[in-house]
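Participant: Would you mind keeping the following structure in view while I ask a few things?
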Amino acid sequence: MHPPANDRLNLVSVPLRIKGTFLPATLLQPAVTQPARFRAGLAERISQGGALLQTAPVVLDLAQVTVSDSLQPWVEACRELQVQLVAVRTDVPELQQQARELGLVALNGSERSAPAANQEEVPRTKIHQGTVRGGQQLLCETGDLVIMGSVNPGAEVLASGHVHVYGALRGRVLAGIHGDRQARIFTQQLDAELVAIAGHYQTSQAADWLHRGVAGCIALEQEQLVFSSF
Amino acid sequence: MAKVIVVTSGKGGVGKTTSCASLGSGLALRGHRTVMIDFDVGLRNLDLILGCERRVVYDLVNVIQGEASLQQALIRDKRADELYMLPASQTRDKDALTLEGVQQVIAELSRDFDYILCDSPAGIERGAQLAMYFADEAVLVTNPEVSSVRDTDRIIGLLHAKTLAAKEGRKITEHLLITRYSPERVHQGEMLSLEDVQEILAVPLMGVIPESEAVLTASNKGIPVIHDETCDASQAYRDAVARLLGEERPLRFTEYRKQGLFSRVFKGGR
Ligand SMILES: Nc1ncnc2c1ncn2[C@@H]1O[C@H](COP(=O)(O)OP(=O)(O)OP(=O)(O)O)[C@@H](O)[C@H]1O
Ligand SMILES: [Mg+2]
């Protein structure tokens, strides 16, 4: 009944994608020089509801205190308390070396966060003013596509992200063309020729619901395109 | 500087030439110096509708190829003083039209006229694109049926992409002209309604010309239908000309009224 993901509609298929991101991490900054006091304070904090330290990535920031000899007891304190330590931030080369030996990432003290791996990948929305006419094609490969008008029969609009149509959707619309299954299609009036999300498509001949004529949103749920009106 | 207006549609036989002749005549009757260029090379029929086919000596291709001057090729209309036309060639290949040639002709006409109307051939290919290339405004002739509406929609896409105005970032002023409109057939659900057409095309309406036998009669006589003041189509074209000139006119001949015996007898179904 529902056609499988189609490579042809998946306009560009790549085995992996690299995206720059700013993941939220928690900075843990010791204010004492003795590991034992640090551990006690940390344990107390967790018991008071510092559960974020145990679920989200944590960076041990040693910029404020001088940890002279070994990193080992500090890291052990964290690990014993199930703190999800992923990196140590310090300017001291020996400590950076120790961090790596302990299986952690060593960050420079001045480094604020990892730079985006590829600036081009920052999502960018494209906005089109007016009606998309039959024979025209509009493509946004960097994010969402917003159409302030209708998409007429014979027109085709495609985006790697969501597609918003603030008018009637009478043509073909493809969202998530690079495989984003979370992508959605929004319209003020659904009367489409074809809709597709991440290569899963539905033609108007096979699906009467494409001609509901009402406002709503199409999403991909368990390999099926599902329409819900607003 | 003249205003260049293309009369176009995509689909063939919807009433471009009929409309061009009547709009051009209407503008001239209102005192505007107007010239019409027939871009339908090979088919030539604007001259037939104007009834000047026997006065054609030179044509657009001759002018572009340097075989005749504009003055030699221009034909003056018998009925409206301010109206001229530049006929298409019946014999020459349509590739004889060049963009540079058309540009020169339009630039030269621009100095002497207020309006230049370009009667486009059907289709979306080179001929239609040449006719629209230098346009400032477009009259989009559309019949109230699905295929005509879709073709007009495609033409609007071309106006936004393939014209000089588009390339220079200017916007072409678009006017929707619905022709061969039959309120009765719309009422019976056999034709798209005015509202349906407008909703899809989203272009300001310049006029609705009713389906009328007077159009064919006028064409056969070689008199643009706008001159036959007794018929609805003429009145509707006059309204359209007024709107093109920026005047406000209420829509007429678009409501379905069941005809009584009285009007049937006295109006003869016109
Ligand atoms: N309002 C009308 N009522 C009845 N018949 C009409 C009307 N308008 C146009 N016609 C008829 O439709 C036919 C086509 O008209 P016309 O030649 O003007 O179309 P066109 O769009 O220029 O065609 P082409 O694409 O071949 O150039 C003619 O026979 C004409 O008489
Ligand atoms: Mg014609």
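The values are calculated or read from the model by the stated rules, or taken from the named source; none is laboratory data. As the structure is a computational prediction, the values presented were derived from the model and not from experiment. Counting neighbours? That spans all protein chains shown, and the Cβs are built from the backbone with ideal geometry, glycine included.
Participant: Of the numbered conditions (1) farther than 29 Å from B:CYS231 by Cβ; (2) within 14 Å of ligand 2 (Cβ to nearest atom), B:ILE64 satisfies every one except a single condition; which is it?
Facilitator: Every listed condition holds for B:ILE64 apart from (2).
Participant: Sort out which residues of region B:204-240 are more than 12 Å from ligand 1 (Cβ to nearest atom) and under 14 Å from the mean Cα position of the chain (by Cα), and write them in order of number.
Facilitator: B:MET206, B:ARG238
Participant: Among the residues of region B:170-222, write down those that are closer than 30 Å to B:ARG79 by Cα, more than 14 Å from every other protein chain (Cβ to nearest Cβ) and of a type in the set (A, V, I, L, M).
Facilitator: Within region B:170-222, B:LEU177, B:ILE178, B:LEU205, B:MET206, B:VAL208, B:ILE209, B:ALA214, B:VAL215, B:LEU216, B:ALA218 meet the criteria.
Participant: Further question: Quickly run through region B:189-226 and pick out the residues that are aliphatic (A, V, I, L, M) and within 16 Å of ligand 2 (Cβ to nearest atom).
Facilitator: Within region B:189-226, the first condition is being aliphatic (A, V, I, L, M), and the residues that meet it are B:191-192, B:194, B:197, B:200-203, B:205-206, B:208-209, B:214-216, B:218, B:223, B:225-226.
Answer for region B:189-226, where residues must be aliphatic (A, V, I, L, M) and within 16 Å of ligand 2 (Cβ to nearest atom): B:ILE209, B:VAL215, B:LEU216, B:ALA218, B:VAL225.
Participant: For A:HIS162, all conditions in the list (1) loosely packed, with under 15 Cβ neighbours inside 10 Å; (2) at pLDDT 95 or above; (3) more than 14 Å from chain B (Cβ to nearest Cβ) hold save one; what is the number of the exception?
Facilitator: For A:HIS162, the failing item is (1).
Participant: If the Cβ limit is 6 Å and pairs must be 6+ apart or interchain, which residue in region A:167-187 that is more than 18 Å from A:ILE127 (Cα to Cα) and more than 14 Å from chain B (Cβ to nearest Cβ) pairs with which residue that is modelled with pLDDT of 95 or more and part of a strand (DSSP E or B)?
Facilitator: Pairs that qualify, where the first residue is more than 18 Å from A:ILE127 (Cα to Cα) and more than 14 Å from chain B (Cβ to nearest Cβ) and the partner is modelled with pLDDT of 95 or more and part of a strand (DSSP E or B), are A:ARG181/A:LEU220.
Participant: Output the residues belonging to region A:173-202 that are touching a Pro at 6+ places or on another chain (Cβ under 9 Å) and assigned to a strand (DSSP E or B).
Facilitator: Those that are touching a Pro at 6+ places or on another chain (Cβ under 9 Å) and assigned to a strand (DSSP E or B): A:HIS200, A:TYR201, A:GLN202.
Participant: Given the criterion among the aliphatic types (A, V, I, L, M), modelled with pLDDT under 95 and more than 16 Å from ligand 1 (Cβ to nearest atom), identify the matching residue among B:LEU201, B:LEU261. Give the derivation first.
Facilitator: Numbers: B:LEU201 fails: modelled with pLDDT under 95.
B:LEU261 is the lone residue from the list that is among the aliphatic types (A, V, I, L, M), modelled with pLDDT under 95 and more than 16 Å from ligand 1 (Cβ to nearest atom).
Participant: Search region B:3-12 for residues being within 14 Å of chain A (Cβ to nearest Cβ) and of a type outside the set (D, E, K, R), and hand back the single one that is nearest to ligand 1 (Cβ to nearest atom).
Facilitator: Ranking the qualifying residues of region B:3-12, first place goes to B:SER9.
Participant: Are there helices (runs of 4 or more DSSP H) fully within region B:75-186 with at least 3 residues that are away from ligand 1 (no atom under 16 Å from the Cβ) and touching a residue at least 40 places away in the same chain (Cβ under 8 Å)? List them.
Facilitator: Working: elements: B:99-112, B:126-133, B:146-161, B:164-167.
Hits in region B:75-186: B:99-112, B:146-161.
Participant: Looking at region B:31-51, is at least one residue surrounded by fewer than 18 Cβ atoms within 10 Å (Cβ to Cβ) and away from ligand 2 (no atom under 16 Å from the Cβ)?
Facilitator: Yes, because at least one residue in region B:31-51 is surrounded by fewer than 18 Cβ atoms within 10 Å (Cβ to Cβ) and away from ligand 2 (no atom under 16 Å from the Cβ).
Participant: Quick check: is even one residue across region B:103-119 under 23 Å from B:GLY42 (Cβ atoms), polar (S, T, N, Q) and within 16 Å of ligand 2 (Cβ to nearest atom)? Outline the logic, then answer.
Facilitator: Going residue by residue through region B:103-119, those that are under 23 Å from B:GLY42 (Cβ atoms) are B:103-106, B:109, B:116-119.
Pick out the ones that are also polar (S, T, N, Q) and you get B:103-104.
Going one step further and asking which of them are within 16 Å of ligand 2 (Cβ to nearest atom), we end up with none.
No, there is no match, as no residue in region B:103-119 is under 23 Å from B:GLY42 (Cβ atoms), polar (S, T, N, Q) and within 16 Å of ligand 2 (Cβ to nearest atom).
Participant: Determine if region B:13-20 includes at least one residue that is more than 10 Å from ligand 2 (Cβ to nearest atom) and more than 14 Å from chain A (Cβ to nearest Cβ). Write out each step before concluding.
Facilitator: Step one: of region B:13-20, the residues more than 10 Å from ligand 2 (Cβ to nearest atom) are none.
No, that holds for no residue.
Participant: Residue by residue through region B:139-167, note down the ones that are away from chain A (no Cβ under 14 Å) and among the hydrophobic types (A, V, I, L, M, F, W, C).
Facilitator: Correct list: B:VAL139, B:VAL141, B:LEU164, B:ALA165.
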